[in-house]
Structure formats: structure tokens, C-alpha cells
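Colleague: My questions will all concern the structure given below.
Nothing in this text is a laboratory measurement; each read-out follows from the coordinates by a stated rule. Predicted model, so just to flag it, every value in this text is computed and none were measured. Ideal geometry is used to build each Cβ from the backbone, glycine not excepted, and the neighbour counts take in all protein chains shown.
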Amino acid sequence: MAPHPQGVVMDGHAAASDLELLRAHVDGDQHAFAELFHRHRDRLWAVALRTLGDREEAADALQDALLSAHRAAAQFRGDSAVTTWLHRIVVNACLDRIRRRQAHPTVPLPDGNRAEAGSGIGGVEPAAPTQDHDTALVVREALAALPLEQRAALVLVDVQGYPVAEVARILGVAEGTVKSRCARGRARLAVLLGHLRPAVATTPSARPGRTGQTREVPGVTPGNPSPAEGVGSGSGRFRRDANQEDT
């Protein structure tokens, strides 16, 4: 089999870098983009699912994002890592879908699991233990109630564990802006989830608050201090919500 013009052999996709796969796709390799997607599908799916809180919405947003990336690959300038570029497209697709949903509200199913097996995108979300299921739903609903940009920052930093510096590159904002959005989002969650205090009072993740009460947001961390594997640096501006203030 003749080698690809960029040096990527059809049977050697697994050994190719992300950038080589993207270039191969631009040059006409019909399998390169599929390999790129499958390489990062789990993390992209997790970001979409946690941002939207609904499997069907997340699957649709991820599909939209992948179509956009597929079509815009030739415009990729290489000023960021391919994974940073992909994450940015997925986050933007999710927030676009949220804005459309807010403009034309519907009545969602309470468990956020409308999509069943066979959607072709993402994997099976790990089921929470029975005793934690209701709490998980309440936390998901509270996260969905946050302003869009606070939600995106918290999903990437606290839920997915990306370091603040990398989230700033994904969102195209300053690190201080990411920290501010996370702080505001956590403060809002503290109010929304205040009734969960007794449930988390004895958990290892609970921390004393100013009044001696435990912190009411289970499992929220300040982010992963080490770089996330497979996600590089880059630039690019995150599309801002005109109704969201930053610092």
C-alpha cells in the first residue's frame, strides 16, 4: 500500500500523531478523521454529557461538533493542540444547544437519559449506586441551573479534572477568568445544594465551612494540578455569552 502524502500509512493510523491524522484527513484519507475521533471520543463525550446533563442532547451536540471539525479541518492553523481545538468545538456546540433550548424551552425528562443504546456516540455512563442516584440527579440539575460559562468552567475543572491553565486555553480566556467563573459557580452550587449538607457531613470530601457546617458540594475539587494527558496548549477565543459577566 502506498504511503499517505503526509507520511501516514493507512494501516498505521494508530501510530500517527493527532496532527498527522488531521492533515491526512484534509488530504483525502477517508479513515484518518474516524481514528482521530475514536482516539478522543471518551473525553469529548464526557465533556458534552456533563455540560448538557442529557444523553440525547449530548449525543446531538457531539455530532454537531464532529461535523464542524470535519468540515473545518483545513482551516486548522496549528496554533493549538488538536485536542484543545476539538474540546473548544465541543464546548461551543454544547453551549449553542443550551442557548437554543433556553430560547425554545421544552420539558426534559428528569433523569437526563433519553438516548438509549445505539445512538452511536459515547459509551454507557457508569451507573451510580442506588443510594447515590437521587443525589447525583440533584447535583446534575443544580449544575444545569448555572449560567453557561460558569457551567462550562466547572465541568472542565471540577468534573473532568483539567488544570485551570488548560481550561483557559480551551475556552480562550485568561486563567483568572476561569478561576472567577469556577468560584462563582461553586458559590451558586453551595446555595442550590444546601439541603444536601446532612448527606455529606460524614463524607471524606466534606470540608468545614465558615459557620462550622460542612461544604455542601460533594466531590468538587479545585482542579487537577497536573496537565491533562493528551491535551495541549493553544489559542482561540471562546464565544462569550452576552448576558454573562466576567472578571
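Colleague: Using the basic label-point model (7 angstrom from Cα toward the beta carbon), what is the GLN63 to ASP27 distance in nanometres?
Modeller: If labels sit at GLN63 and ASP27, their model points lie 3.2 nm apart.
Colleague: Let me ask something else about it. Between GLN75 and ARG99, what length in nm is gained on full extension when 0.36 nm per residue of separation is reduced by their alpha carbon distance?
Modeller: Difference between extended and current length: 6.1 nm.
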